[in-house]
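Just below is one structure, and these are the notes that go with it.
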Ligand code: PMP
């Protein structure tokens with residue numbers, strides 16, 4: 001079960017670029033992924049052939065564009081196996097999806113004294129929206145702690161999910177450490193107490209097959225740009241029964257049925273949560289990305305990325321003074337590390353001069369860095385278009401830089 005790496009690399013125009021005169025080695029895939037030609041072409045085709053504002057249009061182009069946008073919704077529905085296509089809300093990305101749930105869920109269901117549970121592993125976008133609600137509503141934000149491997153400690157989960165808990169919101173996979181969280185188990189525990197669960201899938205959707213019905217999560221959020229699709233488009237999946245009860249997030253066109261100064265009635269799902277002109281070129285690009293991934297096969301992608309990770313670990317482990325941050329048993333293709341006392345920023349800047357793109361810093365997960373008592377890490381994150389030769393270059397580059405630092 002192999003992937004055709006040579007062909008895949010040709011599919012991504014940016015991989016042919018040189019950086020500082022060197023072939024690009026791109027290991028910043030957890031921040032954003034590159035776009036295959038089919039995605040770039042699909043977006044260009046919208047603007048070249050049928051750009052028009054969608055829904056309620058009487059003219060031809062508007063109908064073609066509406067159809068393309070709604071077909072993209074069905075594509076996403078099938079990709080994540082949602083029961084209904086109106087359970088797929090298009091947003092700007094994971095951040096907006098989480099803010100939508102935080103705001104609308106709070107307006108509808110939360111009162112002072114209620115609790116929301118997240119984890120210490122979360123990206124800031126699954127912490128700060130809840131802190132805003134903390135201020136707005138007087139609720140309390142609690143978190144599941146992590147151990148030294150960067151795994152969730154579930155020993156006290158029955159105290160953490162208690163009669164005050166109104167929602168649990170957890171990352172499927174940690175962006176800073178790559179830990180794959182036991183979300184199925186958490187969903188089962190929460191549901192046994194009638195508490196709904198939101199999953200931040202920003203780092204999972206591009207690596208593992210997600211079936212929202214099988215997971216039985218109540219909400220699932222992800223971004224198009226991390227899934228080889230365009231920027232500016234994302235998804236919030238929500239179970240119909242929750243979305244129907246929740247107050248709208250933003251007001252404007254599209255989300256209404258009738259408007260008068262005496263009162264306004266809201267549109268049905270999914271439009272109730274899609275105020276304003278939607279990003280229809282983004283949705284079409286996202287559908288093209290899903291088609292592309294499905295042609296390769298998510299199972300093959302998952303297998304190859306694991307192979308890359310194992311190879312990278314074997315190479316990096318041999319480097320003197322390397323310290324891995326996040327050593328969970330169940331991990332995806334993200335490796336966070338430090339080399340002696342070299343500042344991550346210095347290492348990242350010098351790797352860049354070699355054409356190697358890694359990310360350095362706190363990765364928008366400062367509570368994780370606080371836990372390990374470090375300012376940040378160097379993070380290499382892999383995609384199925386990366387190669388073992390590129391990993392060799394990374395390892396050689398790190399060794400050279402470490403020697404320069406003595
Ligand atoms: N959650 C996680 C786990 C992430 O990795 C990211 C992006 N780094 C986000 C949320 C936010 O995604 P976006 O910036 O695309 O909204």
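In terms of overall dimensions, the C-alpha atoms belonging to region 40-294 reach 59, 48, 27 Å along their principal axes, ordered largest to smallest.
Taking square-rooted eigenvalues a ≥ b ≥ c of the alpha carbon gyration tensor, is region 193-304 rounded, prolate or oblate, where a/c under 1.5 means rounded and, failing that, a/b exceeding b/c means prolate?
Values: a/c = 3.27, a/b = 1.61, b/c = 2.04.
Oblate shape, in that a/c is at least 1.5 and b/c is the bigger or equal ratio.
Diffusion of region 140-268 by Stokes-Einstein, at 10 °C in a medium of 1.306 mPa s and with Rh set to the Kirkwood radius over alpha-carbon pairs, works out to 95 µm²/s. Between the Cα long axis of helix 183-192 and the first principal axis of the chain there is an angle of about 40°, rounded to the nearest 10.
Could you put 242, 130 in order, starting from the residue whose Cβ has the fewest other Cβ atoms within 10 Å? Mind showing how you got there, number by number?
Working: 242 19, 130 24.
With the fewest neighbours first, 242, 130 line up as 242, 130.
When you restrict to C-alpha pairs under 8 Å that are six or more residues apart and normalise by the size of the chain, the relative contact order lands at 23 percent.
When a/c is below 1.5 the answer is rounded, else prolate if a/b is larger than b/c, else oblate, so apply that to region 361-406 with a ≥ b ≥ c taken from the square roots of the Cα gyration tensor eigenvalues. Oblate. Rg of the Cα atoms in region 68-116, relative to 2.2 N^0.38 Å, amounts to 1.44.
Principal-axis analysis of the Cα atoms of the chain puts helix 344-353 at an angle of about 80° to the longest axis.
Peptides 119-129, 47-57 ordered by packing proxy, namely the average of other Cβ atoms within 10 Å per residue, highest first: 119-129, 47-57. Out of 237, 228, 292, any idea which swings most in a Gaussian network model of the chain, alpha carbons joined below 10 Å? The residue that fluctuates most here is 292. Against the chain, whose longest principal axis is taken from its Cα atoms, helix 280-296 shows a tilt of about 50°.
No lab work stands behind these numbers, since they all come straight from the coordinates. Since we're looking at a predicted model, the values are computed, not measured. All Cβ positions, even for glycine, are placed from backbone atoms using ideal geometry, and neighbour counts span all protein chains on display.
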